[in-house]
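> Have a look at this one.
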Amino acid sequence: MPEHPIHTFDRLIKRQRLLLKLIGVDSYDPAFRIHSLTFMVVCLALTFLIISLYDLYLFRDDLFNFVYVLITIFFATIGIGRISVFLLCSKLLAELLEQSYRTYRLVVDDPREQRILQWYTRLFQRAVNGYTLVFIGTSVAAGLLPLLIYLLSGDRVLPYGVVLPFVDHNSPVGYELNYIYQVSCIIWTPPGLVASECMMFALVLNICIQYDILAVKLQDLDELIRSPHPHRDAMIGCQLRSILHNQQRLISFISNVEAANNVLSGVEVLSLGLQIVITLFVLQFSLWIPGLVLIPAFTLQLFLFCLLGTIIEDKGVKFSAGVYRLTWNELSKQDKQIFRLLLLSSQQPQTLTCARMTCISLDLFVNMSQKFYSIFMMLRNM
């Protein structure tokens, strides 16, 4: 007998939670409490931000290094944003994870629902492996390329724009101290960023699973309405109530995901886009090797982020269309009242937003890309 998809899902989730636990922010644990490791990570993140802000003042008359530091600050912004979500929404995140497991547990015998779980679990596994490889690989490359350049040519290039206060980064000892500090940041930040993003993948794909299972149940209901089964009316009422209950559960799930991440989503879209713009601007003046790696990585991350929103939106529209296609005119008067509730709820599909200002979708990716290109051209012509 093949392994139930929940076991694969559980292994993947435990791997991500282990990374979060190593930096003290495993808020998906219902028993999570702020402890010394959490406090240390918060202090490290704030120290990184403070140093970066100091460097903006330090390089206020050096345009290249000034924008170089800005790229670094956006890293800190995303990191602090995610830490804030972990600390402020810990109960909500734990509840969302439990609801995700429940989606798997509710599927027992139906082979179609089993296939849905298997397909999305394989997709989740590939997404986790691919994203981890790209992000960690990019981070490792950004850390090692400056060292390789230094060994081959003697040029002192740092992975990021941040430099330690009161340390001359142009001197041999100062360069080594700054390089060690930046590499130490690379060691602990990417695993946390990867794990938090992969957990978001899990929540979004769970939304897709719930929508697809609802579609199967709608199909069964339509067949039941058309059938001459002797206990047809009682079975229809039971199925309708089950679908309505699962739909309300899904709406609540999406609302909780939105509540935990809508502000952070806005921060991430702006940060990723501006990082791309500023990196392109820096590359006009000097060949910054890490920048050649970061631009495709940032673009891919922004694209995937918007793609997930489009998938959820599309699933909601298809579910609404499925409700409209039901043979509702053959329902009893009591069942029509339940169907009316189902229809009203499906007319406004839940979506994820950026700070509740705009829906996350590929349209957002296109629009933001155009705006960021305009900003880049304006900076280029200054």
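> In segment 328-348, is there at least one residue being open to solvent by less than 70 Å² (accessible area, probe 1.4 Å) and touching a Cys at 6+ places or on another chain (Cβ under 8 Å)?
no
> Further, regarding this structure: Can you find even one residue in segment 140-159 that is open to solvent by less than 70 Å² (accessible area, probe 1.4 Å), on the phi < 0 side of the Ramachandran plot, at pLDDT 85 or above and hydrophobic (A, V, I, L, M, F, W, C)?
No, that holds for no residue.
> Of the residues in segment 219-244, how many are open to solvent by less than 10 Å² (accessible area, probe 1.4 Å), under 20 Å from V107 (Cβ atoms) and either within 30 Å of the chain's Cα centre (by Cα) or modelled with pLDDT under 85 (or both)?
1
> When segment 53-100 is examined, which residues are found to be surrounded by fewer than 16 Cβ atoms within 10 Å (Cβ to Cβ) and aromatic (F, W, Y)?
Y57, F64
> Let me ask something additional. Could you tell me whether Q337 is over 20 Å from the mean Cα position of the chain (by Cα), part of a helix (DSSP H, G or I) and not small (G, A, S)?
Yes.
The values are calculated or read from the model by the stated rules, or taken from the named source; none is laboratory data. Given the structure is predicted, the values throughout are model-derived calculations rather than measurements. Don't worry about glycine lacking a Cβ; one is built from the backbone with ideal geometry, like all the others, and counts go over all protein chains shown. To get the accessible areas, we keep the full protein, side chains included, count just its heavy atoms, and leave off ligands, DNA and RNA. Shrake-Rupley method; radii C 1.70, N 1.55, O 1.52, S 1.80 Å.
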